[in-house]
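See below for the structure under consideration.
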Amino acid sequence: HLHRLGMKMKLRLDARRNIPRLAQLTQKTNQFNLTTRRYDESQLAALVEADDWLVLDFSLADVYGDSGIVGLALAQLRPDGEAELDTFLMSCRVIGRCAEDAFMLGLLQQLQARGAHRVRARYFPTPKNALVKDLLPRLGFAPEDGPAGPAFLRDLGSAPPDLSLIHISEPTRPRL
């Protein structure tokens, strides 16, 4: 069934014009949201402008139409080659289509292209986000106990992202 949908994912980096929708996603997305952190437009604008942050969003289209902007990832890049995944969320409009796998692989590829060797992520359970409880281990992140509490780590050297089986566009940087 998923193959017949002809899904096409479009990734965008630092899309300033999408900031209102991205803020809305952080405010309203609960089920498919690893950390449930909330951001307003000014906070997201600051992250888009920051050199040490990656702001990646995606839209998804299929044979039935375009779902619009349905996902957001925020990651902070550190000088030591580690990236901290702050936010990873997806609208309920596209749950059940495996879009999260493609989006995570696209994110990891972008982080690796910016010099990240490892990606650390956390899952903060809430009454509504149990849907993403197993997402990180399923996508190749190993659990670890650290000084800031439990986390998940993915080594991009030993487990690089493999995009050969999925169709996503090259990320674009929209013009102002």
Practice item. Could you list, in sequence order, all residues of the range 51-83 that are open to solvent by 10 Å² or more (accessible area, probe 1.4 Å), under 17 Å from ALA102 (Cα atoms) and either touching a strand residue (DSSP E or B) at 6+ places or on another chain (Cβ under 6 Å) or modelled with pLDDT of 90 or more (or both)? Key: SER59, ALA61, SER67, GLY68, ILE69
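Yes/no per residue for (1) of a type outside the set (S, T, N, Q); (2) surrounded by fewer than 17 Cβ atoms within 10 Å (Cβ to Cβ):
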site	(1), (2)
THR87	no, no
GLY106	yes, no
THR126	no, yes
ARG138	yes, yes
PRO143	yes, yes
Review point. What's the number of the condition ASP134 fails, among (1) open to solvent by less than 30 Å² (accessible area, probe 1.4 Å); (2) over 15 Å from LEU13 (Cα atoms)?
Key: (1)
Practice item. Within the range 14-29, track down each residue that is among the aliphatic types (A, V, I, L, M) and modelled with pLDDT of 95 or more. Key: ILE19, LEU22, ALA23, LEU25
Check your understanding: With (1) under 18 Å from ARG21 (Cα atoms); (2) in contact (Cβ under 8 Å) with a residue 24 or more places away in the chain; (3) not in a strand (DSSP E or B) as the list, and SER42 as the residue in question, which single condition is left unmet?
Key -> (2)
Practice item. Determine, yes or no, whether GLU100 is among the acidic types (Asp, Glu) and either touching a strand residue (DSSP E or B) at 6+ places or on another chain (Cβ under 9 Å) or surrounded by 21 or more Cβ atoms within 10 Å (Cβ to Cβ) (or both). Key: yes
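Which one is farthest from GLY157 (Cα to Cα), of the residues in the range 88-128 that are part of a loop (DSSP other than H, G, I, E, B) and of a type in the set (S, T, N, Q)?
Our first condition is that a residue be part of a loop (DSSP other than H, G, I, E, B); within the range 88-128, this holds for 91, 95-98, 114-117, 122-128.
If we keep only those that are of a type in the set (S, T, N, Q) too, we end up with 91, 126.
Working: SER91: 30, THR126: 32 Å.
The residue in question is THR126.
The values are calculated or read from the model by the stated rules, or taken from the named source; none is laboratory data. Nothing here was measured: the structure is a model prediction, and the numbers come from that model. A quick note on method: Cβ atoms are made from the backbone with ideal geometry, for glycine too, and the neighbour counts reach across all protein chains shown. Each accessible area value is taken on the protein alone, full model and side chains, heavy atoms only, with ligands, DNA and RNA left out. Shrake-Rupley method; radii C 1.70, N 1.55, O 1.52, S 1.80 Å.
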